[in-house]
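A.B. asks: Encoded as structure tokens, here's the structure I'll be asking about.
The values are calculated or read from the model by the stated rules, or taken from the named source; none is laboratory data. None of these values were measured; they are calculated from a predicted model. Backbone-built Cβ (ideal geometry, glycine too); neighbour counts: all protein chains shown.
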Amino acid sequence: MPRVRFAPSPTGYLHVGSARTFIFNWLYARHNNGTMILRIDDTDLERNTEQSLQSIFEGLKWLGLDWDEQYRQSERLDRHQALAQSIFEKGLAYRDFTPASSDSTVGWLFNPGQREMSREESDRRAAAGEPFVLRFRVPRDTPETVRFTDAVYGEQSKLAADIEDFALLRSTGGPTYHLASCADDVDLNISHIIRGQDHLTNTFKHVLIFQAADFTPPQFAHLPLLVAPDGAKLSKRKHGPVVSVTTYRDAGFLPHAFINFISLLGWSPKDDRERLTRAEMVDVFSFEGINRSNAVINFTEESPFDAKSVWLNSDHIRTMSATDLAAELKPIVEAAGFSS
Ligand code: GLU
């Protein structure tokens, strides 16, 4: 049975792109009788906020889609450390004592002086309290290629020699995203990783970590980017509230109409139907229907909601039973000061 996870970082409000990742994971899990996991990626202490965490839960609550298991990465730091330690013990990682400020050289792949340091010297310097970053020892001696098959983007390969010796542990001792994410994917026995296309290039590093952990890499399905009408990646800074899920809620969208609209961004069922009930979506969802090109949300200054989202919303309202419609309207009527 598939085990999938939605892994938001609590560093902003629930973005429509994140909502789509959640919805696709949910649809895949429910279509295949799998397990849906919510994992809060909260190891970046400097960027996490409690307010963001609340807004993620608020957005998810409005969508009304459930999950079966829930974790917080910050409660699993010992597991991340354990994986880093085991990779280090296997000789597949090394300590890099280079001071952080000299780390950012353009085109940097690795620093031979650090990579080739003897274990004795490395242990001695670590024991003396010298700070270090733990780096993955990317195989470079043989022309090794890192490969994976993406359910959406197809065969992917990259020469290992072109991948930098990326960090597993920061100089603070905390895990990087790559380490924490893979350690949890291993531990939670994740079978399919469904996430945004912006993570496609990270996946080569993740495959190396999974191999070092003796874990068969999950199947990957990366989702096309959501973009604004001018082709720019949707961002809070540039596009404002239109990228926040709660904007749709506050404008009076039915949660399912929003889910229907969002799921058609980059995916379509074989028969190209547009209005689908929740049960119909679960029934027909598959990776084959996901396409590779960026999906555009059409909004303008004057009309912040894509015409299709408005049309789907009105169509769902029209086909609702009077009882369901009354239940949807009740809180709105009450909020306006009328009692029912
Ligand atoms: N926390 C990461 C993000 O929000 C998760 C990426 C992943 O699914 O591995 O982008």
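A.B. asks: Filter the stretch 27-44 down to residues that are of a type outside the set (D, E) and within 14 Å of the ligand (Cβ to nearest atom) and give me whichever is nearest to A180 (Cα to Cα).
C.D. replies: That would be T43.
Yes/no per residue for (1) touching a residue at least 40 places away in the same chain (Cβ under 8 Å); (2) under 30 Å from A221 (Cβ atoms); (3) among the basic types (K, R):
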site: M281; (1), (2), (3): yes, yes, no
site: E302; (1), (2), (3): no, no, no
site: F305; (1), (2), (3): yes, yes, no
site: V310; (1), (2), (3): no, yes, no
site: A322; (1), (2), (3): no, no, no
site: A326; (1), (2), (3): no, no, no
site: K330; (1), (2), (3): no, no, yes
site: A335; (1), (2), (3): no, no, no
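A.B. asks: While we're on this one: Being of a type in the set (D, E, K, R) and within 14 Å of the ligand (Cβ to nearest atom) is the filter; apply it to the stretch 192-242 and report the residue that is modelled with the lowest pLDDT.
C.D. replies: K236
A.B. asks: Just to be sure I understand, how many residues within the stretch 1-15 are crowded, with 22+ Cβ neighbours inside 10 Å and more than 12 Å from the ligand (Cβ to nearest atom)?
C.D. replies: Summing the residues that are crowded, with 22+ Cβ neighbours inside 10 Å and more than 12 Å from the ligand (Cβ to nearest atom) in the stretch 1-15 gives 0.
A.B. asks: Separate question: If you take just the helices (runs of 4 or more DSSP H) that sit entirely in the stretch 44-146, which of them hold at least 2 residues that are more than 30 Å from Y13 (Cβ to Cβ) and touching a residue at least 24 places away in the same chain (Cβ under 8 Å)? Give the derivation first.
C.D. replies: Values: elements: 50-63, 77-89, 112-115, 119-127.
It comes to 77-89, 119-127.
A.B. asks: Let me ask you something else. Looking at (1) surrounded by fewer than 17 Cβ atoms within 10 Å (Cβ to Cβ); (2) in contact with a helix residue (DSSP H, G or I) (Cβ under 8 Å, 6 or more places away or on another chain); (3) within 19 Å of D283 (Cα to Cα); (4) free of Cβ contacts under 8 Å to residues at least 60 places away in the same chain, find the lone condition where N33 falls short.
C.D. replies: For N33, the failing item is (2).
A.B. asks: Cβ-Cβ distance below 9 Å, separation of 6 or more or different chains: which pairs start in the stretch 167-184 with a residue that is assigned to a loop (DSSP other than H, G, I, E, B) and end on one that is of a type in the set (S, T, N, Q) and within 12 Å of the ligand (Cβ to nearest atom)?
C.D. replies: Partner pairs satisfying both residue conditions: R170/T176; G174/T43; T176/T43.
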